[in-house]
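Heads up: the structure comes next, in structure tokens.
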């Protein structure tokens, strides 16, 4: 899969990221010691007060609960704890910040305690410090580091901006941590203007949604959204009228592994006439797919009495470590893709130059721009005004970078640049596109595409963005000129289900369930929910689940059939690991039959299944006659003769032309020529 087939609609501001630690610690210490840091009399960031937030120290397996305006309400940390630390290794709780002992400056919030820290030779108390930076969403607190005495956090949020230009009428936390303390963050999906159109078959209505915040209609030129009521995050457009059918109230929830749910309700009193007395509500379920894939749009799966159920399959619902890297590369081990942008790095004072009309932008990848204008700014993107080259701004620093691959889009984000008047630190977003014939020896060049509120956007066509996925093994086989494709059997995400093999050899009490996916991992749903994450075949019984093999080699043609081997399963003794072979046998016209367990042996180290399916038949091209075609290999027959119009034609209209077509017959419409199967007629002016 390439870096992207099209432009992503949601390449907005990046979530908060970890800055260079030494620099941040110095800033924090200076702020802590700054004069004028007085006891706060009121909540310094009221937008953040309604929720208890979470941050994680992944290295030490520690979960922090933070409430900046009150207490976290965790008994083990005491009644006044504002920052509660839960050490999951030792199963202990410690208050590391007291709400009563809070002090604040404009950009720093400090919570002290009465507990002495373990640092020898000091009289310091345990405390927590949160450094606030201007962001474009409510953001999330990010753990930075912890010493013997102080726990440091950073938070990029609209609440810290000097101006209110990024603030929403209503916004809720847009991230969760799963049981393994992995972060799922939907902040990149939040639209600062406009909305997402939900895919719905109803031609008379259009449902628009935003993620975790209300739709900003004032900043969006779309005429349909202009009529949406203020504060709505789900706007239903019927004709020339728009209705609020949901506002964000609660934060994002994790309902089970890789499934996130966001609920909107209508806050206003009064019922809508078309809701049969019910109050509107919208539920959006975000699903992390089981494989790397292009992004999808939100789809309406059910509606009744103004209750709307939406499903959105997107990699942004996956845990963040699966999507991002702090380096210039993504690894097959961590992110299921292998990509390396280091060949794009410039050295020896060279930089890429992109024309931004009023400004010139000097860019580098995997390092700072070394041109004279930008010396000592540590800038990866340097903005220079054409009319006055002394006006130089860092539009993103190289040590503040995030490389992200999600929904088929490869994006490099540089943040932490010089401040704009709003207080937001300049940021640059580079959207890479795969182009194997790019100029400049395949490197290509960045092209400036626009600026929105001190965020600068570039596109960059280069061969180094052509992504080779770890799981991009062929899900088919070849035999000379014959080709076989098993992709019809692949299960991607719910509501699809794993294949379950038939095994008639066991009694009900000792029954094992064998779940299989083709060329990909099994879906962790239903009885397979506890299966190992990378298992392509999984056995489940009353004692638990077992990995019977991973997909690490493509199918092969053997003895007239297709052979698929899964290896590197769970240990089965004597240094061996479980292996599974699946023999797929051509059965024309049948894509529904399940695999059958044939044998298991070698002390539980080997399993063999047989699967009769049309997917194992050779791909063929067949020509028919008299409007019918029959594929003897696949067992399919098609007859299109009922579509033939004996008189007239099918008409398709566009602004400039009318098109007339027939199926297996001529068009009999004036002024089309006789015996025309398709005819194009220009509309008169």
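Annotation note: Cβ proximity below 6 Å between a residue of the range 475-492 that is closer than 13 Å to residue 582 by Cβ and a residue that is in a strand (DSSP E or B) (sequence gap 6+ or interchain) occurs for 477/484; 477/556; 477/557; 477/562; 486/476. The condition of being in contact (Cβ under 8 Å) with a residue 24 or more places away in the chain, over 18 Å from residue 184 (Cα atoms), within 27 Å of the chain's Cα centre (by Cα) and assigned to a strand (DSSP E or B) holds for only one of 236, 260, 254, that being 236. Residues of the range 533-550 that are assigned to a loop (DSSP other than H, G, I, E, B) and modelled with pLDDT of 90 or more: 535, 536.
Restricting the range 294-328 to residues that are out of contact with any strand residue (DSSP E or B) (no Cβ under 8 Å at 6 or more places or on another chain) and assigned to a loop (DSSP other than H, G, I, E, B), the residue that is modelled with the highest pLDDT is 305.
Of the set (1) without any contact (Cβ under 8 Å) to a residue 24 or more places away in the chain; (2) more than 19 Å from residue 475 (Cα to Cα), all apply to residue 572 but (1). Elements of the type strands (runs of 3 or more DSSP E) sitting completely within the range 415-503 and holding at least 3 residues that are modelled with pLDDT under 90 and within 30 Å of residue 517 (Cβ to Cβ): these cover 476-479, 482-485. Total residues in the range 219-245 satisfying the condition of being at pLDDT 90 or above and at positive phi: the figure is 1. For the range 514-524, state whether one or more residues are modelled with pLDDT under 85, in the same structural domain as residue 489 (by the TED database), on the phi > 0 side of the Ramachandran plot and in a loop (DSSP other than H, G, I, E, B). No, every residue in the range 514-524 fails to be modelled with pLDDT under 85, in the same structural domain as residue 489 (by the TED database), on the phi > 0 side of the Ramachandran plot and in a loop (DSSP other than H, G, I, E, B). Is it the case, given these coordinates, that residue 392 is modelled with pLDDT of 90 or more and touching a helix residue (DSSP H, G or I) at 6+ places or on another chain (Cβ under 7 Å)? So residue 392 passes the test. So is residue 206 more than 23 Å from the chain's Cα centre (by Cα), over 27 Å from residue 87 (Cα atoms) and not assigned by the TED database to the domain that holds residue 127 or not? It is true that residue 206 is more than 23 Å from the chain's Cα centre (by Cα), over 27 Å from residue 87 (Cα atoms) and not assigned by the TED database to the domain that holds residue 127. Residue 338 meets the conditions (1) outside the structural domain of residue 408 (by the TED database); (2) in contact (Cβ under 8 Å) with a residue 12 or more places away in the chain; (3) farther than 30 Å from residue 418 by Cα in every case but one. The failed one is (1).
The single condition from (1) in a loop (DSSP other than H, G, I, E, B); (2) at pLDDT 90 or above; (3) exposed (fewer than 13 other Cβ atoms within 10 Å of the Cβ) that residue 68 fails is (3). The residues of the range 239-251 that are touching a strand residue (DSSP E or B) at 6+ places or on another chain (Cβ under 7 Å) and either outside any strand (DSSP E or B) or outside the structural domain of residue 283 (by the TED database) (or both), listed by number, are 249, 250.
The values are calculated or read from the model by the stated rules, or taken from the named source; none is laboratory data. Computed from a prediction, not measured in an experiment: that's the story for all the values here. Note that each Cβ is placed from the backbone with ideal geometry, even for glycine, and that neighbours are counted across all protein chains shown.
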